[in-house]
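The values are calculated or read from the model by the stated rules, or taken from the named source; none is laboratory data. None of the values given here were measured: they were computed from a predicted structure. Note that each Cβ is placed from the backbone with ideal geometry, even for glycine, and that neighbours are counted across all protein chains shown.
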Amino acid sequence: MSTSEPPSRQDLPLGVFDSGLGGLSVVRALRACLPNENIVYLGDTARVPYGTKGKDTVVRYALACAQYLKQSQVKAIVVACNTVSAVAPAALRAEFDLPIIGVIEPGARAAVEASVTGKIGVLATAGTVASGAYPRAIASFSTRAETFAVAAPLLVPLAEEGWTTGEVPELAVTRYIKRLAGQAIDAVVLGCTHYPILRETIARVVQQELGDHVALIDSGEAAARDVLAFLSLRGLRRSAKESGTIHVRVTDLPGNFGELATRFLGESIAHVKQVDL
Ligand code: DGL
């Protein structure tokens with residue numbers, strides 16, 4: 001008789017994907033909420049950025065990422081990418097018989113909860129802004145809230161590069177944040193999972209340009225709280241109490257991905273494996 005039983009569903013890993021490094025900001029938040037979950041992270045580095053591409057292309061890439069994670073036998077998929085969460089959840093849910101959790105609804109809800117003026121700024125990729133997903137999600141939580149969305153595409157390559165502080169990121173962030181000035185905005189959503197990597201710079205510029213009363217909302221942190229609630233409700237939390245593992249997969253040469261991932265997650269990522277989708 002075989003001694004190796006297949007793991008029960010609750011003990012399967014969580015699958016998490018993004019176009020690149022950005023989704024690790026969601027992994028960091030997941031680790032804080034759910035430290036004993038095992039995680040398989042896929043960064044589609046061969047095709048980053050997603051945010052400048054058309055909807056059909058992003059849906060196609062997202063289906064390929066989710067297919068890889070399904071084959072890795074995950075219990076649920078966390079879409080750690082706003083651009084994918086904006087355009088692909090319906091296609092993902094139609095294709096895969098797995099729970100799919102995105103970042104836009106949780107980010108929108110957290111912003112509505114944090115805002116007193118009801119004026120909410122959103123920094124996101126061009127694709128997310130064009131989709132109108134944030135104004136829609138915010139309106140579904142508050143009829144009086146008003147959304148001001150700004151596309152901030154340059155921040156994605158800066159984050160991928162690990163170039164997070166200093167003159168160049170500061171200039172780019174300032175250009176984008178200035179577009180939100182004068183609207184009585186008191187909450188700004190980091191509506192791309194790459195942006196928390198530049199959080200220090202963004203926070204400083206927001207304070208400078210919009211005032212020090214503005215809440216910065218990390219859509220990934222909000223999503224991690226939803227994942228915790230979802231797994232608890234479904235009885236899907238991993239039973240083992242020891243710290244979970246993180247397996248990182250990328251679709252292009254790992255390069256310095258492991259080093260940046262280690263720096264960003266604050267824990268060492270020993271092994272980054274390249275895979276083909
Ligand atoms: N991190 C992703 C997002 O949240 C995508 C960034 C990109 O690839 O353009 O939108």
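Given the structure, is Glu95 over 21 Å from Cys65 (Cα atoms) and either of a type outside the set (A, V, I, L, M) or touching a strand residue (DSSP E or B) at 6+ places or on another chain (Cβ under 6 Å) (or both)?
no
With respect to Ile39, is the statement that it is within 27 Å of Arg136 (Cβ to Cβ) and either touching a helix residue (DSSP H, G or I) at 6+ places or on another chain (Cβ under 7 Å) or surrounded by fewer than 19 Cβ atoms within 10 Å (Cβ to Cβ) (or both) true?
It is false that Ile39 is within 27 Å of Arg136 (Cβ to Cβ) and either touching a helix residue (DSSP H, G or I) at 6+ places or on another chain (Cβ under 7 Å) or surrounded by fewer than 19 Cβ atoms within 10 Å (Cβ to Cβ) (or both).
In the stretch 151-207, what residues are basic (Lys, Arg), more than 20 Å from the chain's Cα centre (by Cα) and part of a helix (DSSP H, G or I)?
Hits for the stretch 151-207 are Arg175, Lys178, Arg204.
When the stretch 225-260 is examined, which residues are found to be part of a helix (DSSP H, G or I), touching a strand residue (DSSP E or B) at 6+ places or on another chain (Cβ under 8 Å) and closer than 17 Å to Pro13 by Cβ?
Correct list: Val227, Phe230, Leu231.
Here is a yes/no grid of residues against (1) in contact with a Pro (Cβ under 9 Å, 6 or more places away or on another chain); (2) under 21 Å from Ala223 (Cα atoms):
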| position | (1), (2) |
| --- | --- |
| Ser140 | no, yes |
| Glu146 | yes, no |
| Glu160 | yes, no |
| Thr164 | no, no |
| Glu167 | no, no |
| Leu171 | no, no |
| Arg179 | no, no |
| Ala184 | no, no |
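Output yes when any residue across the stretch 72-79 is of a type in the set (D, E, K, R) and either modelled with pLDDT under 95 or more than 10 Å from the ligand (Cβ to nearest atom) (or both), and no when none is.
As a first pass, look at the stretch 72-79 and keep what is of a type in the set (D, E, K, R): 75.
Filter once more, so that each one left must be either modelled with pLDDT under 95 or more than 10 Å from the ligand (Cβ to nearest atom) (or both): 75.
Scanning the stretch 72-79, I find at least one residue that is of a type in the set (D, E, K, R) and either modelled with pLDDT under 95 or more than 10 Å from the ligand (Cβ to nearest atom) (or both), so the answer is yes.
Could you tell me which numbered condition Ala139 fails, if it satisfies all but one of (1) over 19 Å from the mean Cα position of the chain (by Cα); (2) part of a loop (DSSP other than H, G, I, E, B)?
It fails just one condition, (2).
Can you pull out the residues in the stretch 30-58 that are within 14 Å of the ligand (Cβ to nearest atom) and closer than 20 Å to Leu98 by Cβ?
Result: Tyr41, Leu42, Gly43, Asp44, Val58.
Just give me the residues in the stretch 102-120 being surrounded by 23 or more Cβ atoms within 10 Å (Cβ to Cβ) and under 25 Å from Arg234 (Cα atoms), in sequence order.
Hits for the stretch 102-120 are Gly102, Val103, Ile104, Pro106, Gly107, Ala108.
Mind checking which residues of the stretch 129-165 are of a type in the set (Gly, Ala, Ser) and modelled with pLDDT under 95?
Hits for the stretch 129-165 are Ala159, Gly162.
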